[in-house]
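The values are calculated or read from the model by the stated rules, or taken from the named source; none is laboratory data. Please read all numbers here as calculations on a predicted model, not as lab measurements. We place every Cβ from the backbone using ideal geometry, glycine too, and count neighbours over all the protein chains shown. For the accessible areas, the whole protein counts, side chains as well, though only heavy atoms, and no ligand, DNA or RNA atoms are used. Shrake-Rupley method; radii C 1.70, N 1.55, O 1.52, S 1.80 Å.
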Amino acid sequence: QVKNKAPAEVQITAEQLLREAKERELELLPPPPQQKITDVEELNDYKLRKRKTFEDNIRKNRTVISNWIKYAQWEESLKEIQRARSIYERALDVDYRNVTLWLKYAEMEMKNRQVNHARNIWDRAITTLPRVNQFWYKYTYMEEMLGNVAGSRQVFERWMEWQPEEQAWHSYINFELRYKEVDRARTIYERYILCGACRCFFNTALLVIVHPDVKNWIKYARFEEKHSYFAHARKVYERAVEFFGEEHMDEHLYVAFAKFEENQKEFERVRVIYKYALDRIPKQDAQNLFKNYTIFEKKFGDRRGIEDIIVSKRRFQYEEEVKANPHNYDAWFDYLRLVESDADAETVREIYERAIANIPPIQEKRHWKRYIYLWINYALYEELEAKAKRTRQVYQACLELLPHKKFTFAKMWLLYAQFEIRQKNLPLARRALGTSIGKCPKNKLFKGYIELELQLREFDRCRKLYEKFLEFAPENCTSWIKFAELETILGDIDRARAIYELAIGQPRLDMPEVLWKSYIDFEIEQEEYERTRNLYRRLLQRTQHVKVWISFAQFELSAGKEESLSSCRQIYEEANKAMRNCEEKEERVMLLESWRSFEEEFGTDATKERIDKLMPEKIKKRRKLQAEDGSDAGWEEYYDYIFPEDTANQPNLKLLAMAKLWKKQQQESEAAEVDPDRDGDESQS
């Protein structure tokens, strides 16, 4: 028992323990001593011990093939070929599907020049595992290395009966070509890769096409071309085209065919091949075809051919866009612009019909604004390029399609009416516009119809249309003004004045200031100054806007009478009195500035001095701001005007004047303290 359990004075760490163990190498066992075999007895004893070890390992686990292979290779190293062969046979009884085992077995026989034994093993391997291509490759290679060409060919024939992958066929073909057997290579192409044979698999009779891929047809044709059999190569391409037909067309076949013909300088054939393929292959699968055709035309074609290629490529792009999104009307516009410049009328008409068939899914005008231009462009194209009858049908079909109860397009009605006028069919044009006003009245329709009748000088019809228009939209000031201007042009002044009176009597107007100004200008043109004054007075009863007062004063000034200056000044006086209670001080300042300008030009010194006294004082003030939630948002500065006439502001003005005087005195006293000599000089002077 340890009596003193305190820690020792000298401590040792785990790292030191490990380091000492490594330095002393306590756990490492010394290597076994090298043995030198000096006689047969020792050799036999060594072999016995080694064989016993291998047999024990195999007995422990027979399925570990590596133990068998090591055992066999050890026996082989001792030149015990028969024993090694016996071990491989025992291993094959355990696992005959192991590819490595067959390969090691055959390689051992070949290494020891046991050719017949090797042939026997390869035959057994390809019979047992015919789908392992490595056996076939090594078997044929061995026969070829031995110079047994017939035997190698026989192995290839046996292999081909199993219809292996493409590389096996090409290996067979390359084998024949190494020995200059071109006819045999062609036979392989014909018999196996392309034509196949009529066989029966899974109890179903069918034509077995071994590898009828496009690339194999192309390889066959290039094989013929390489050996200068150009007629045979062309025939192969033609058979390939016929074999695949139009249902399974592939662009790579036609590109290769065209390049072959290009090498033979048959440019017309090349062009025909490209066009045939482009007309039948789906556009999304013909990108490479387009590219090669474009390169060919740039090399050997004329300008027209190159343009055709570019147009067809762009047409393909537009087709893809409209297929992806049929309601992409911008893509339809671009597509139609392209075909109109190049295609025939029937093709253009067909694309227009496809485009207009994509009606917007929602009956809201914003979704129809782009769509309606398809109809407009269609109608214009038919009118310019085709006959008028189809144009009329297009317009009528479009107008029938529009949901007029929800919205309409005045542009379409007006274009239809203008078309009928160009066809000298005025009744139809009037009927169309009348129908439009009856179904879906709009300002633009009324204006267009009135403009048409004005051009035809049908003034009675214009009057009726204006009456209907104003019944539909009595708040439209522009319509009232135009109606009155029409009557003025026709010389019916009283009728025009009555229209203006009706207009200003309407309870609701969209631009009343424009209407009043037009009425006043009308009376001034008629030199009815008294009526004009009455109009201004009536307008001032409705509004006290500063611009009305200024306009009234300027009218009095321009009236041309002797008392015009006094009348003008009187208007300014009235305006100033009326606007004393106005909250908008800027408007009152504007009035006073206009008055001052008038006095500077036409007034006397007394009137000028008087208006100067009326001018306000501009001061800077601060006010508190509040945010939307009611919290303080700081202060802001603004300018305010203080008018001398306002009695309520007199104390403020007096206080402001005293403040200015005090500030001036302060500045003078500061200047005197800084420079007293200067103050003395000024007093002496």
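Need the failing condition index for Glu20 against (1) over 30 Å from Glu107 (Cβ atoms); (2) open to solvent by less than 60 Å² (accessible area, probe 1.4 Å), just the number.
Only one criterion in (1) over 30 Å from Glu107 (Cβ atoms); (2) open to solvent by less than 60 Å² (accessible area, probe 1.4 Å) is unmet by Glu20, namely (2).
Six or more apart or on different chains, Cβ under 7 Å: which pairs go from a residue in the stretch 394-405 that's closer than 16 Å to Glu364 by Cα and at pLDDT 80 or above to one that's open to solvent by 40 Å² or more (accessible area, probe 1.4 Å) and assigned to a helix (DSSP H, G or I)? Could you list them?
That search, which allows pairs on different chains as well, returns nothing.
Out of Glu246, Glu268, report the one residue that is at pLDDT below 80 and not in a helix (DSSP H, G or I).
Values: Glu268 fails: not in a helix (DSSP H, G or I).
Answer to the selection: Glu246.
Look through Arg51, Arg97, Arg19 and report the one residue that is assigned to a helix (DSSP H, G or I), modelled with pLDDT of 90 or more and either charged (D, E, K, R) or touching a strand residue (DSSP E or B) at 6+ places or on another chain (Cβ under 6 Å) (or both). Give the steps one after another, and end with the answer.
Details: Arg97 fails: assigned to a helix (DSSP H, G or I); Arg19 fails: modelled with pLDDT of 90 or more.
Going through Arg51, Arg97, Arg19 in turn, just one is assigned to a helix (DSSP H, G or I), modelled with pLDDT of 90 or more and either charged (D, E, K, R) or touching a strand residue (DSSP E or B) at 6+ places or on another chain (Cβ under 6 Å) (or both): Arg51.
Would you point out the residue of the stretch 223-247, among those that are among the charged types (D, E, K, R) and surrounded by 15 or more Cβ atoms within 10 Å (Cβ to Cβ), that is nearest to Glu266 (Cα to Cα)? Can you show your working first?
Residues of the stretch 223-247 that are among the charged types (D, E, K, R), as a first pass: 224-226, 234-235, 238-239, 242, 246-247.
Still in the running and surrounded by 15 or more Cβ atoms within 10 Å (Cβ to Cβ): 224-225, 234, 239.
Values: Glu224: 18, Glu225: 15, Arg234: 12, Arg239: 19 Å.
Looking at the filtered set, the residue picked out is Arg234.
Just need a number here: residues in the stretch 74-94 that are surrounded by 14 or more Cβ atoms within 10 Å (Cβ to Cβ) and either touching a residue at least 24 places away in the same chain (Cβ under 8 Å) or part of a loop (DSSP other than H, G, I, E, B) (or both). It would help to see each step written out before you state the result.
Our first condition is that a residue be surrounded by 14 or more Cβ atoms within 10 Å (Cβ to Cβ); within the stretch 74-94, this holds for 74-76, 80-81, 83-85, 87-88, 90-92, 94.
Next cut, either touching a residue at least 24 places away in the same chain (Cβ under 8 Å) or part of a loop (DSSP other than H, G, I, E, B) (or both) only: 74, 76, 80-81, 84-85, 91, 94.
Summing the residues that are surrounded by 14 or more Cβ atoms within 10 Å (Cβ to Cβ) and either touching a residue at least 24 places away in the same chain (Cβ under 8 Å) or part of a loop (DSSP other than H, G, I, E, B) (or both) in the stretch 74-94 gives 8.
Run Asp45 past the list (1) closer than 27 Å to Ala72 by Cβ; (2) modelled with pLDDT of 80 or more; (3) not in a helix (DSSP H, G or I) and report the number of the one that doesn't hold.
Answer for Asp45: the failing condition is (3).
Glu107 fails exactly one of the following numbered conditions: (1) in a helix (DSSP H, G or I); (2) at pLDDT below 90. What is the number of that condition?
Going through (1) in a helix (DSSP H, G or I); (2) at pLDDT below 90 one by one, Glu107 breaks only (2).
Yes or no: Arg349 under 16 Å from Tyr395 (Cα atoms), assigned to a helix (DSSP H, G or I), out of contact with any Phe, Trp or Tyr (no Cβ under 7 Å at 6 or more places or on another chain) and modelled with pLDDT of 80 or more?
Yes, satisfied.
Among the residues in the stretch 514-522, are any within 30 Å of Leu426 (Cβ to Cβ) and either assigned to a loop (DSSP other than H, G, I, E, B) or modelled with pLDDT of 70 or more (or both)? Please lay out each step first, then the result.
Start the filter on the stretch 514-522 by keeping residues that are within 30 Å of Leu426 (Cβ to Cβ), which leaves none.
Within the stretch 514-522, none of the residues are within 30 Å of Leu426 (Cβ to Cβ) and either assigned to a loop (DSSP other than H, G, I, E, B) or modelled with pLDDT of 70 or more (or both).
For Ile489, work out the one condition from (1) modelled with pLDDT of 70 or more; (2) under 48 Å from the mean Cα position of the chain (by Cα); (3) hydrophobic (A, V, I, L, M, F, W, C) it doesn't fulfil.
(2)
Of these, Phe135, Phe156, which one is over 26 Å from Tyr88 (Cβ atoms), at pLDDT 85 or above, surrounded by 14 or more Cβ atoms within 10 Å (Cβ to Cβ) and among the aromatic types (Phe, Trp, Tyr)? Reasoning before the result, please.
Values: Phe135 fails: over 26 Å from Tyr88 (Cβ atoms).
It is Phe156.
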